[in-house]
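The next block holds one structure in the form of structure tokens; read it before the comments.
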Amino acid sequence: MLKNRFILILVVVSVIFPVFAYLLNFYTDWLFFVETGFSSVFMTTIYSQTTAGLFFAALLFGFAVINLLVANRAVFPEAGMFINAGSVRLLRGEILRFVRPLSILTCAVLALFAGQWGALQWENALLFINKVTVGTVDPVIGKDIGFYLFSLPFLEALKAFASFMLLATLLITSVVYYVRGGITLTEHGAVVDTKVRRHLAVLAGFFACAIAAGFYLDSFRLLFSSNGAFHGAGYVDVNSRLLTYRVLTFLTPLAGVMLAVGIWKGAWRLALVPPFIVIAVYGLGIRVYPGLLQKFKVAPNELALETPFIENNLKFTRFGYDLDKIETVPFDVDVKLTAADIANNDATIKNIRLWDHAPLLKTYSQLQQIRTYYKFFDVDNDRYKVNGQYTQVMLSPRELSYADLPSKNWINERLIFTHGNGITFGPVSRISKEGLPEFFVKDIPAVSLADIKVTRPEIYFGEMSNSYVVVKTKVPEFSYPTATGNINTTYAGNGGVPIDSILKKALFAAKFKTEKILLSSDITAESRILYNRNINQRVKAVAPFLRFDGDPYMVVTDSGRLSWIIDAYTFSDRLPYSKPLKGGINYMRNSVKAVVDAYDGTLSFYISDPDDVLIKAYSRMFPGLFKPMSAMPADLRQHVRYPHQFLQLQAAMFAAYHMTDPKVFYNKENLWEIPALGDKPMEPYYTIMKLPGEKVEEYILLLPFTPSKRDNLAAWLTARCDGPNYGKIRAYTFPRDRLIYGPKQIDARINQDSFISQQLTLWNQRGSEVIRGSLLVIPIEKSLLYVQPLFLAADKAGLPELKRVIVAFGDQVVMEENLELALQRLFGGKKTTAAVTGTAAPDPKASPAQLAKEAMSIYEKATTLQRQGNWAGYGDELRKLEQVLKRMAQ
């Protein structure tokens, strides 16, 4: 008796705990959606999941139970008293008492699993209900593309469910019949009662219809197949497999009817012949004949026969990755760039990015981290109007690193240390005389050296935020340290959920598995709990059907608040003929810009691509979720940028799919690739420049191409980011009849330069670590500049300093202390830009005598350094001497 009670308690606990956990998560999720203003999204999702789960669970349970009722009502007078189970004989009467409840329980368990599986189909169901007509039909079957994107996934789910339901019912019913004596096993085989045969015949007929539905849907899946040279249905698929699937779609139900009739009558030969015919047709039409057709007809004439299908692959892959909008423009490059051209493109020169992300992140961490518990997670690239000038900047938020808190306890982690503080913000190209970056905004509290002001520096929601904090408690929050002590603050925002009752305290204590929330006397009725603080998790919680970019970036608004912008993508793996990515995705659009306020966590989702068919469907599914781009505040909209990860993906596709002629594509005559320095391909980089044919500099994203297995340049791809030109992409193609140096060739020429290689060797011998920055290709007028910064660090943990800039143009390669001097060496002329502070510019009015005196001084310093063995300094002085002698010769 005690044992039975213990088992009962375990069963009750195992049921109650999951139910309690579900209700707890349900309620706290509901509070989160209410806080963010998206309760309608939550209810739509829950309603859809519940409806889909109940539908599939009820359908399976009802169908199975009806069949079990029929089976349990059947009487078999000739059934023996015993059930033979191998060497064991069981008394039939004893077992029959448990058959009905156990079979019903089995159905209930299967229905539970079916309901859980069905709840996962909520998105497919909603897309099916809210489907959109694309207006483009597939060229083989003639279905609108919307059928593949919205209807086919749900139909496949229905087919899979129907097959499982029929098989499960057939199995359970057969077991019941066996126990009741309708099926008996003898030495001569199984003996099946007439009533049982007829029942199983009906189920077998239904299952044949499910198989026929599968063949029908498989005909559509042919359009996703791969044929080696291209993706999508090819000649063999259309002329063999498609016809076979259509035949099987009609043949299988007929075979199912014959199978049912054969089982009904007990004519096993009649029952078995139709399935063998279906299997034979499938084997011949799907496996054997296509192989022969491919070998003896298609392979010898592949280009001629596959050309129409290659055209389909080209068309739909370009549509899938939005490559049709890329405008191809010839770029007739020359090497006639002059000092006047450099002066006319001053804004471009000033905004050439010299600070690489990795060295700058390390430098920021050592100069601006302030305390060990602050951390810079990433450096973001953006553009601002700084003191009236359009300037490319690097910005990094100073977040709180909970792993580095000096004293880890619940009060410190949840009540006191609640947020990061401020940003570090500076230009991409300017350096101090020590080789360190300049700042527009720095320190804690924020010190602004330009007209960019940060009025609300606290970062409660970020990339490194922990799961939850409680604000507005009796314990003051830590704001920032000073020389005289710590400055405290109190949260003044509306973010988070009020903990204004003992019930809410108990619920959140259970959710976060800590009794301290319930027992803490520091938490008052005014306190609020902030959770889902990690911005990536926060946006995914609201819109799990979108894929979010891995590089959120922070923006300073005109009012001085900090906001995050995260690019979001719609995607599908159901676009016919489109080449898939590694994960199977073959359709993607950057259709949404998500904005998260760093102080109060306010969420907004803006549609950046209203022509995307998927975002149209999602907008129907969730009417209150998305806003038009015009609703985004202007001070945020001017910082929207084309995502570099998406351009990298598009570039990888465009490398092959810029070829629109099927013959050229098949022969790979003009295949491109993204150049690589080392093992890693180049990534797109942002810059400010004047595009060919344009009159004003703009913020763009740029990536070069080289011909496949060649190192010279073939083209450069640019995505525009500003204003009405946002999202426009151009591919500037170079003439194919001349050599245009590519990044790898320039890198080789840098390595071959005797002076540069000598300097690098000397620095390495002195124990310094030389870090070669990204090699950037900068188009100016009709020419190309190649720029690469060099950083020096005392060791791997040392502070990287930007010590040299290498610039290549045409056949010339120079290395100087800064970009300005390098350009002067290449082009002469006057000073172009104040790229370095603290470095005196040459006096253009210096007399020959003054120049001679300066040259003599430099020479004496050089000889002194030579005697000391300071070869790096010696080389520097020789370069300076060369500059002076050139000025004397003018």
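A few notes on this one:
- Conditions (1) within 30 Å of residue 168 (Cα to Cα); (2) touching a residue at least 12 places away in the same chain (Cβ under 8 Å); (3) open to solvent by less than 60 Å² (accessible area, probe 1.4 Å): number failed by residue 70: (3)
- The residues of region 697-725 that are surrounded by fewer than 22 Cβ atoms within 10 Å (Cβ to Cβ), part of a loop (DSSP other than H, G, I, E, B) and touching a strand residue (DSSP E or B) at 6+ places or on another chain (Cβ under 8 Å), listed by number, are 697, 708, 709, 712, 722.
- Residue list for region 726-760, filter: in a helix (DSSP H, G or I), without any contact (Cβ under 8 Å) to a residue 40 or more places away in the chain and either aliphatic (A, V, I, L, M) or in contact with an Asp or Glu (Cβ under 7 Å, 6 or more places away or on another chain) (or both): 745, 748, 760
- Each residue in region 409-445 was checked for being charged (D, E, K, R) and on the phi > 0 side of the Ramachandran plot, and 1 of them qualify.
- Any hit, region 404-418, residues being touching a Gly at 6+ places or on another chain (Cβ under 8 Å) and modelled with pLDDT of 95 or more: no
- Taking the criterion of being closer than 12 Å to residue 398 by Cα and of a type in the set (Lys, Arg), the only residue of region 416-452 that qualifies is 442.
- The residues on offer are 184, 169, and the sole one that is hydroxyl-bearing (Ser, Thr, Tyr) and part of a helix (DSSP H, G or I) is 169.
- Candidates are the residues of region 457-508 that are open to solvent by 50 Å² or more (accessible area, probe 1.4 Å) and under 16 Å from residue 411 (Cα atoms); the one that is modelled with the lowest pLDDT is 467.
- Every listed requirement among (1) under 24 Å from residue 37 (Cβ atoms); (2) surrounded by fewer than 19 Cβ atoms within 10 Å (Cβ to Cβ); (3) at pLDDT below 95; (4) among the charged types (D, E, K, R) is met by residue 511 save one, (2).
- For region 666-683, the set of residues classified as touching an Asp or Glu at 6+ places or on another chain (Cβ under 8 Å) and of a type in the set (Phe, Trp, Tyr) consists of 666 only.
- Residue 144 being at pLDDT below 95, acidic (Asp, Glu) and open to solvent by less than 60 Å² (accessible area, probe 1.4 Å): no
- Any hit, region 395-411, residues being over 30 Å from residue 519 (Cα atoms), of a type in the set (S, T, N, Q) and within 29 Å of the chain's Cα centre (by Cα): yes
- Pairing each residue of region 761-777 that is modelled with pLDDT of 90 or more with any residue that is exposed (fewer than 15 other Cβ atoms within 10 Å of the Cβ) and assigned to a strand (DSSP E or B), provided the two are 6+ apart or on different chains, yields no C-beta distance under 6 Å.
- So residue 377, is it open to solvent by 20 Å² or more (accessible area, probe 1.4 Å) and in contact with a strand residue (DSSP E or B) (Cβ under 7 Å, 6 or more places away or on another chain): yes
- For region 60-74, the set of residues classified as among the aliphatic types (A, V, I, L, M) and in a helix (DSSP H, G or I) consists of 60, 64, 65, 66, 68, 69, 70, 71, listed by residue number.
- Selection within region 775-795 - open to solvent by less than 10 Å² (accessible area, probe 1.4 Å) and within 20 Å of residue 696 (Cβ to Cβ): 778, 779, 780, 783, 785
- Looking across region 607-620, the residues that are open to solvent by 10 Å² or more (accessible area, probe 1.4 Å) and more than 14 Å from residue 134 (Cβ to Cβ) come down to 607, 608, 609, 610, 619, 620.
- Elements of type strands (runs of 3 or more DSSP E) in region 318-394, at least 1 residues being closer than 17 Å to residue 698 by Cα: 380-386
Table: residues versus (1) modelled with pLDDT of 95 or more; (2) aliphatic (A, V, I, L, M).
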position: 328; (1), (2): yes, no
position: 339; (1), (2): no, yes
position: 373; (1), (2): no, no
position: 379; (1), (2): yes, yes
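- Taking region 645-657 as the range and being buried (at least 20 other Cβ atoms within 10 Å of the Cβ) and closer than 21 Å to residue 725 by Cβ as the test, the residues that pass are 646, 647, 650, 651, 654.
- The residues of region 413-428 that are closer than 26 Å to residue 818 by Cβ and touching an Asp or Glu at 6+ places or on another chain (Cβ under 7 Å), listed by number, are 426, 427.
- As for region 731-749, it holds at least one residue that is modelled with pLDDT under 95, aliphatic (A, V, I, L, M) and open to solvent by 60 Å² or more (accessible area, probe 1.4 Å).
- Condition met for residue 799 (surrounded by fewer than 19 Cβ atoms within 10 Å (Cβ to Cβ) and not hydroxyl-bearing (Ser, Thr, Tyr)): yes
- Where helices (runs of 4 or more DSSP H) fall wholly inside region 626-696, the ranges with 3 or more residues that are of a type outside the set (A, V, I, L, M) are 644-657, 662-667.
- Taking region 233-314 and the helices (runs of 4 or more DSSP H) fully enclosed by it, the elements with 2 or more residues that are in contact (Cβ under 8 Å) with a residue 60 or more places away in the chain and open to solvent by 20 Å² or more (accessible area, probe 1.4 Å) are at 242-265.
- Checked against the criterion of being crowded, with 21+ Cβ neighbours inside 10 Å, in contact with a Phe, Trp or Tyr (Cβ under 8 Å, 6 or more places away or on another chain) and in contact (Cβ under 8 Å) with a residue 12 or more places away in the chain, region 402-413 has no qualifying residue.
- Residue satisfying condition, being of a type in the set (Ser, Thr, Tyr), closer than 30 Å to residue 131 by Cβ and over 36 Å from the mean Cα position of the chain (by Cα), within set 169, 252, 184: 252
- Condition check for residue 588 on (1) within 12 Å of residue 546 (Cβ to Cβ); (2) open to solvent by less than 20 Å² (accessible area, probe 1.4 Å); (3) free of Cβ contacts under 8 Å to residues at least 40 places away in the same chain; (4) among the hydrophobic types (A, V, I, L, M, F, W, C): one failure, at (3).
- Listing of strands (runs of 3 or more DSSP E) fully contained in region 769-828 that carry 3 or more residues being in contact with a Cys (Cβ under 7 Å, 6 or more places away or on another chain): none
- Taken as a whole, the condition of being open to solvent by 30 Å² or more (accessible area, probe 1.4 Å), at pLDDT 95 or above and under 30 Å from residue 141 (Cβ atoms) does not apply to residue 215.
The values are calculated or read from the model by the stated rules, or taken from the named source; none is laboratory data. These numbers were taken from a predicted model, which means no experiment stands behind them. In this analysis, Cβ positions are derived from the backbone assuming ideal geometry, glycine residues included, and neighbour counts consider all displayed protein chains. Note: accessible area is taken over every heavy atom of the protein model, side chains too, but ligands, DNA and RNA are not part of it. Shrake-Rupley method; radii C 1.70, N 1.55, O 1.52, S 1.80 Å.
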